[in-house]
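Here is the structure we will look at.
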Amino acid sequence: MAIAKKITDFLDKNKIKYEKISHRTVYTAYDKAATLKVKPNMIGKTLILKIDPSTTLRAGTDLVIALISGNKNLDKNKLRKIAKVKRVDFVSETVIKNKFKGVKIGAIPPFGNLWGLQTFVDRALTNQPKIIVSGGDYNWSIKITPAVLKKTTLDLVAGSFSKPRK
């Protein structure tokens, strides 16, 4: 399977400059970096998180997308403060499977607009000249600039909410 048509249609419709990257099957950001021979801080990990329903940032959902560098881990407390919510938790694979049709679990692109979700991006990733994000499949990725990511995600929130991997 290539990059999902829903994703390429979205990028093409918005006149987004991007590069499709085909690679061997990978399931982690670290493996993707090794396969593509790039530094892990250039790889974007898309995380699907659940927030307090009472403080939903976008009406109708308690899910958000967070994008962090492949060499970092999420700092839930920092994200909680940036998002101004009481709780941030990871969601189950069942929730992901039901919400994100047409893309594989663990390969979700960070374009929140596609699913009506608020998107957060860690500043460490926005400082890179180019970033590589998931393309909806374990064998395909998308290379874009952080400026393009901002253009595709109208209500993107940038902040520092990651911590070094241990």
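Just wondering, is there one or more residues in segment 130-146 that are touching a strand residue (DSSP E or B) at 6+ places or on another chain (Cβ under 8 Å) and more than 27 Å from Pro164 (Cβ to Cβ)? Even if it seems obvious, please write down each step before you answer.
Pass one, segment 130-146, residues touching a strand residue (DSSP E or B) at 6+ places or on another chain (Cβ under 8 Å): 130-135, 139-146.
Checking the rest, the ones that are also more than 27 Å from Pro164 (Cβ to Cβ) come to 139-140.
Yes - at least one qualifying residue is present in segment 130-146.
Within segment 120-143, track down each residue that is farther than 19 Å from Val26 by Cα and among the β-branched types (Val, Ile, Thr).
Val121, Thr126
Considering only residues that are buried (at least 20 other Cβ atoms within 10 Å of the Cβ) and touching a residue at least 40 places away in the same chain (Cβ under 8 Å), which ones fall in segment 73-91?
Of segment 73-91, the ones buried (at least 20 other Cβ atoms within 10 Å of the Cβ) are 79, 83, 85, 88.
Of everything in segment 73-91, those that are buried (at least 20 other Cβ atoms within 10 Å of the Cβ) and touching a residue at least 40 places away in the same chain (Cβ under 8 Å) turn out to be Leu79, Ala83.
May I ask you to say which residue of Lys150, Lys97 is modelled with pLDDT under 95, within 14 Å of Ile48 (Cα to Cα) and among the charged types (D, E, K, R)? It would help to see each step written out before you state the result.
Details: Lys150 fails: within 14 Å of Ile48 (Cα to Cα).
Testing whether each residue is modelled with pLDDT under 95, within 14 Å of Ile48 (Cα to Cα) and among the charged types (D, E, K, R) leaves just Lys97.
Out of Asn41, Asn14, which single residue is under 23 Å from Ile132 (Cβ atoms) and in contact with a strand residue (DSSP E or B) (Cβ under 7 Å, 6 or more places away or on another chain)?
Working: Asn14 fails: in contact with a strand residue (DSSP E or B) (Cβ under 7 Å, 6 or more places away or on another chain).
When all the criteria are applied, what remains is Asn41.
Of everything in segment 120-166 that's within 16 Å of Leu11 (Cα to Cα) and of a type in the set (S, T, N, Q), which residue is nearest to the chain's Cα centre (by Cα)?
Ser134
With respect to Ser141, determine if the residue is at pLDDT 90 or above and closer than 27 Å to Lys84 by Cα. Even if it seems obvious, please write down each step before you answer.
Numbers: at pLDDT 90 or above: yes; closer than 27 Å to Lys84 by Cα: no.
So Ser141 fails the test.
Please enumerate the residues belonging to segment 146-166 that are of a type in the set (Ser, Thr, Tyr), assigned to a loop (DSSP other than H, G, I, E, B) and in contact with a Lys or Arg (Cβ under 6 Å, 6 or more places away or on another chain).
Ser160
Which residues, counting only those in segment 16-56, are part of a loop (DSSP other than H, G, I, E, B) and either at pLDDT below 90 or of a type in the set (A, V, I, L, M, F, W, C) (or both)? Full working, then the answer.
Step one: filter segment 16-56 for residues part of a loop (DSSP other than H, G, I, E, B), giving 16-18, 23-28, 37-39, 52, 56.
Ile16, Val26, Val38, Asp52, Thr56 - these are the residues of segment 16-56 that are part of a loop (DSSP other than H, G, I, E, B) and either at pLDDT below 90 or of a type in the set (A, V, I, L, M, F, W, C) (or both).
So if I check each of Thr94, Thr25, which one is under 18 Å from Tyr138 (Cβ atoms) and loosely packed, with under 14 Cβ neighbours inside 10 Å?
Numbers: Thr94 fails: under 18 Å from Tyr138 (Cβ atoms).
From the options Thr94, Thr25, the qualifying one is Thr25.
Among Ile105, Ile131, Ile68, Ile96, which is free of Cβ contacts under 8 Å to residues at least 40 places away in the same chain and among the aliphatic types (A, V, I, L, M)?
Working: Ile131 fails: free of Cβ contacts under 8 Å to residues at least 40 places away in the same chain; Ile68 fails: free of Cβ contacts under 8 Å to residues at least 40 places away in the same chain; Ile96 fails: free of Cβ contacts under 8 Å to residues at least 40 places away in the same chain.
On inspection, the qualifying residue turns out to be Ile105.
Return the pair list, or none, for Cβ contacts closer than 7 Å from residues in segment 14-30 that are of a type in the set (Gly, Ala, Ser) to residues that are outside any strand (DSSP E or B), at least 6 apart or on different chains.
Ser22/Asn139; Ala29/Pro40; Ala29/Gly70
What number of residues within segment 116-136 satisfy the criterion of being surrounded by 19 or more Cβ atoms within 10 Å (Cβ to Cβ) and either at pLDDT below 90 or not in a helix (DSSP H, G or I) (or both)?
12
The values are calculated or read from the model by the stated rules, or taken from the named source; none is laboratory data. If you're wondering where the values come from, they're calculated on a predicted model, not measured in any experiment. Every residue, glycine as well, gets a Cβ built from its backbone with ideal geometry; the counts of neighbours run over all protein chains shown.
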